[in-house]
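Computed from the coordinates by the stated procedures, all read-outs in this text should not be read as laboratory data. None of these values were measured; they are calculated from a predicted model. Quick reminder, even Gly has a Cβ in these numbers, built from the backbone with ideal geometry, and neighbours come from all protein chains shown.
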Amino acid sequence: MKKLIYLIINKIKSQLLILVFLVTINLLACMGYIPSTIELTDILISIFNTHGLLLIALASFLENIIGFNVYFPGSILILTSMSLTAGDPKKAVLVFILIVLPSTLAQNINYLIGYFSTKEIKKQNLIKLSKIKLGLLFGTTFWHPHTTAITCMASGSEGLNYIVFLKYFIVFSLFWNMFWAITMYHFGYFAKATSNLTLFFYIYLVLWITWDVVKILKGEGHTDRSS
């Protein structure tokens with residue numbers, strides 16, 4: 001039993017790290033040491049109205065860092081800035097670049113966080129999904145920074161080869177970034193409807209934990225039967 005508990009904790013320590021970080025952030029906000037998400041939103045909107053484009057790159061980077069993005073309301077600024085480019089193609093391209101480059105850097109950092117947090121098992125190449133299944137995983141989670149961050153961290157944690165990861169990342173990141181850019185350019189009123197999707201982050205995180213625990217339990221079951 002102790003061995004099983006150790007294996008489970010070791011396997012899901014990346015997810016546990018995220019949860020500890022989120023609990024800490026929420027406690028600090030509740031105690032008044034840092035602004036709440038609502039207060040931070042008002043502060044950022046005020047800064048955005050004053051400095052505009054200078055804040056977009058920073059917001060995009062922080063919005064894509066796993067765990068911190070649940071606290072940081074960067075998606076509101078990102079979607080707002082995209083919607084304000086309507087009718088100005090040059091500005092739309094500039095905003096797109098300011099969003100995509102920092103988010104790409106952040107998501108690759110998420111991969112590295114996962115990779116180094118479970119370095120003792122990374123060589124086992126635990127992700128053995130087919131190209132179609134990997135495509136479905138990336139395609140159905142890259143629509144929002146929160147779920148994208150978990151997929152990127154999980155890819156590193158599970159030992160997915162970086163070159164393979166990069167290929168899928170480029171394809172689906174570009175697809176969803178272009179989708180949202182075009183959507184917000186033409187239909188900016190969607191911003192408020194899609195800005196607060198934290199629940200999806202928690203649901204996906206729980207699914208990731210459940211998936212890892214089930215794999216451990218199945219592995220232990222095979223071991224018991226063979227011994």
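Length available on full extension from Trp211 to Tyr33: 0.36 nm per residue minus the Cα-Cα distance, which gives 60.5 nm. Overall form of the stretch 11-61: oblate. Here a/c, set by the Cα gyration tensor axes a ≥ b ≥ c, is 1.5 or more, and a/b is not larger than b/c. Structure note, pairs Lys133/Lys167; Lys11/Lys133; Lys90/Lys131; Lys90/Lys133; Lys91/Lys131; Lys3/Lys167: Cα-Cα distances above 26 angstrom occur for Lys90/Lys131; Lys90/Lys133; Lys91/Lys131; Lys3/Lys167.
A simple spin-label model places pseudo-atoms 7 Å from Cα toward Cβ; at Thr183 and Leu16 they are separated by 3.6 nm.
The ranking of Cys152, Cys30 by Cβ neighbour count inside 10 Å, starting from the fewest, reads Cys30, Cys152. Label-to-label distance for Ile9 and Val164 is 3.0 nm, based on points extended 7 Å past Cα in the beta-carbon direction. Ordered by the count of other Cβ atoms within 10 Å of each Cβ, fewest first, Lys131, Lys215 give Lys131, Lys215.
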